[in-house]
Amino acid sequence: MPLTETEQRSNIYNFLAAIYRQELNAEFLQQIKEPRFTDLLSDMGIQFEEDLERKPEEELLEDLAMEYTRLFLGPGKHISPHESIHHQRDDGKWGQLWGLSTADVKNFIQTAGFQHQPNFKGLPDHISVEFEFMGQVAWREAQALKEEDKDGVRYCRDIQKQFIRNHLIRWIPAFCKLIIEEAELSFYRAMAELTRNFIEYENDAIEHNGDSPS
């Protein structure tokens, strides 16, 4: 049975969460290089360059791991994948880890009825955590739609609407712009373009429909 639009949105959020959570492994890279995925990216105007096609897999995985570390971990200058660094708050409380945006995200997720994994050691406003949260909410919406649970659908859509407006759209585009400018390999440039385009599409859907992107 084909996936519904809401299930597809959930899958995109989960895919992006995996991209930013850690370095790619061989299995994930093979999935990404499959024609069905590259064709989908091409339809969205996003293409990998020759650096992903010509290198042997082992060498490519090593290069991508180094790129991931350089871009997102450091120890030198890097692009922090945390909202509190990039979300330019009106109160000026941003630009450092564990800023007020971090606390806002943590409280929002918990108030919405979701919990972090018990063994989770990172910050709650890491991009992978925020995307995983949205993937879970979208999936719950999809299940509520199948069960004709109108209150559940409305609740999930309201959560997504608030989180996109108050968090994702406030920092993801700026974060992606930095990646596009700094990435040396086409893979992370392409993923940043995909991320930015998807979040902007989600936000536009809310602005035009006054509801969730579903």
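Coordinate-derived values only; no laboratory data. If you're wondering where the values come from, they're calculated on a predicted model, not measured in any experiment. So basically every Cβ, Gly included, is an ideal-geometry build from the backbone, and we count neighbours across all protein chains shown.
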Exercise for review: Scan the chain and report its longest stretch carrying no chymotrypsin sites (Phe, Trp or Tyr not before Pro) that are both in a DSSP loop and have at most 15 other Cβ atoms within 10 Å.
Suggested key: 1-97
Point to revise | For segment 96-179, radius of gyration divided by Kirkwood radius, i.e. Rg to Rh on alpha-carbons | key: 1.00
Study note, to complete from the structure: For segment 6-88 the translational diffusion coefficient, Stokes-Einstein from a Kirkwood Rh over Cα pairs at 37 °C and viscosity 0.692 mPa s, in µm²/s, is roughly 225
Point to revise | Cα centroid separation - segment 131-201 against segment 69-114, whole Å | key: 16
Revision key, fill the gap. Quick shape check on segment 43-163: root eigenvalues a ≥ b ≥ c of the Cα gyration tensor, a/c under 1.5 is rounded, otherwise prolate if a/b tops b/c, else oblate, and it reads oblate
Check your understanding: For residue 89 and residue 177, what is the calculated FRET efficiency with R₀ set at 22 Å and r taken between the beta-carbons, to the nearest 0.05?
Key -> 0.75
**Study point:** Debye, to nearest 20: dipole size of segment 31-186, +1 on Lys, Arg Cβ, -1 on Asp, Glu Cβ
**Key:** 880
**Study point:** Rg to Rh quotient for segment 55-116, alpha carbon positions, Kirkwood Rh
**Key:** 1.17
